[in-house]
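The structure appears right after this line, and notes come after that.
The values are calculated or read from the model by the stated rules, or taken from the named source; none is laboratory data. Treat the numbers as computed from the prediction; the structure is a model and nothing was measured. As a convention, Cβ positions derive from the backbone with ideal geometry for all residues, glycine included, and neighbour counts pool all protein chains shown. In case anyone asks, the SASA skips ligands and DNA or RNA and just uses the protein heavy atoms, side chains included. Shrake-Rupley method; radii C 1.70, N 1.55, O 1.52, S 1.80 Å.
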Amino acid sequence: MEIRHLKTFQTIVEIGSYTRAASKLGYTQSTITSHIQALEHEIGGELFTYANRNLQLTHLGRDLIPLAEDLLSTHEQIKNMRSTNEVKGVLKVAAPESLTISRLGPIIRDYSLKYPNVKIILTNGPCGQNQIDLISGRVDVALMVYPEIKPEKCIHYSLIEEKIVLVSSPDGPDHFDEYKKISTNHFFITNEEGCSYRTMFERYLLKHEIDNFQTMELWSIEAIKQIVMSGLGFSVLPYITVKEEVESSKLKILSHSENLDPIYSYMLIKKKKWLSPAVEAFVEVVLNSFSNTDKMSVLIE
């Protein structure tokens, strides 16, 4: 078993293809195959299988992911023992769209100016998927907008409570009660399933048997805002994502008597003995960006 075999395995898991992994690593496909075969021989079982021509991990392969990540992390630590604490390398960050468009811009800018030798790869996805990607080792840092959490395998930082608001077009009703009337033809306009504040709101509707409107699912927050502005319905979004439109009177905050669960922004990193300087530096930059609020706290489980 060699480190390069584990690196090949990790790359295939991240990319989902032998061919694309070979291209990324600069190997021929036969070399990639030989690396996996060597690992399988050493471990005593298959790591990947095909189902309907799609590459999938076996149970053994899934079990190997966290172990491989720990070994590669240790290897990286050993390589850096003789070097200075220069911050360099690749930093993979996963975040929901709401944080990407509202809070991450200044953070990424400050980090890139301070640490120009780090390549940042930012991906957007639902919060639950971001946490899965962190645990599996596909990303180094996960940002989430979520109700109160206590993840077992992560160090998590509660950054700020996000104000969740109901918004409508300027000429729409002033109070959410108008949308709850049986005669309404308006839509609840929202983003993908798995979004934390959508899930929170839909649970509230279900609990109180409020079902007088249809749900329209769109692909981005910008699209949601444009459709709400058109007067087709209302949406539920973090205030930070609609602040500009509310202040310019393009959107209106709906009054409501609903008691909605609080939602927070979090930063998660995986629990392990050694963190790369790039990850440690990113954590510092993020926390410093929230240092002017009384709501920031650090929770280490």
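Here is how the numbers come out for the structure above:
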| item | result |
| --- | --- |
| Protection-proxy order for peptides 135-146, 233-244, 191-202, each taking the mean of Cβ atoms within 10 Å per residue, highest first | 135-146, 233-244, 191-202 |
| Accessible area expressed per residue, the chain, with surrounding protein chains retained (probe 1.4 Å, Å²) | 54 Å² |
| E193 paired with L71, simple spin-label distance in nm, labels 7 Å along Cα-to-beta-carbon | 3.7 nm |
| Crossing angle, helix 277-289 versus the chain [Cα axis fit, 0-90 degrees, rounded to tens] | 20 degrees |
| Given charges at Cβ of Lys, Arg, Asp, Glu: the range 11-144 dipole, positive-most of H41, A142, Q131 | A142 |
| Gain on full stretching of the segment that runs from K79 to R62 - 0.36 nm per residue minus C-alpha separation | 3.5 nm |
| Helix-only [θ]222 nm of the chain, DSSP H runs n ≥ 4, -39500 (n - 2.57) each, per residue, nearest 500 | -13000 deg cm²/dmol |
| Among (i) 19; (ii) 28; (iii) 43, the entry that matches percent of Cα pairs over 37 Å apart as calculated here | (ii) |
| Spacing of the two label points (7 Å from each Cα toward its C-beta) at I253 and E152, in nm | 3.9 nm |
| Proximal charge balance of Y27 [Cβ under 14 Å; K/R count +1, D/E count -1] | +3 |
| Built amide H within the under 5 Å cut-off of E162, gap 5+ | I263, Y264, S265 |
| Potential extension, S220-S112 segment - 0.36 nm per residue separation minus Cα distance | 36.3 nm |
| Fully extended contour minus Cα-Cα distance, from I3 to A51, at 0.36 nm per residue | 14.5 nm |
| Degrees, to the nearest 10: 196-207 long Cα axis against longest axis of the chain | 50 degrees |
| Anisotropy class of the range 8-53 from Cα gyration tensor, a/c 1.5 cut | oblate |
| Other-chain or far-sequence residues with amide H under 5 Å of T215's (modelled H) | F188 |
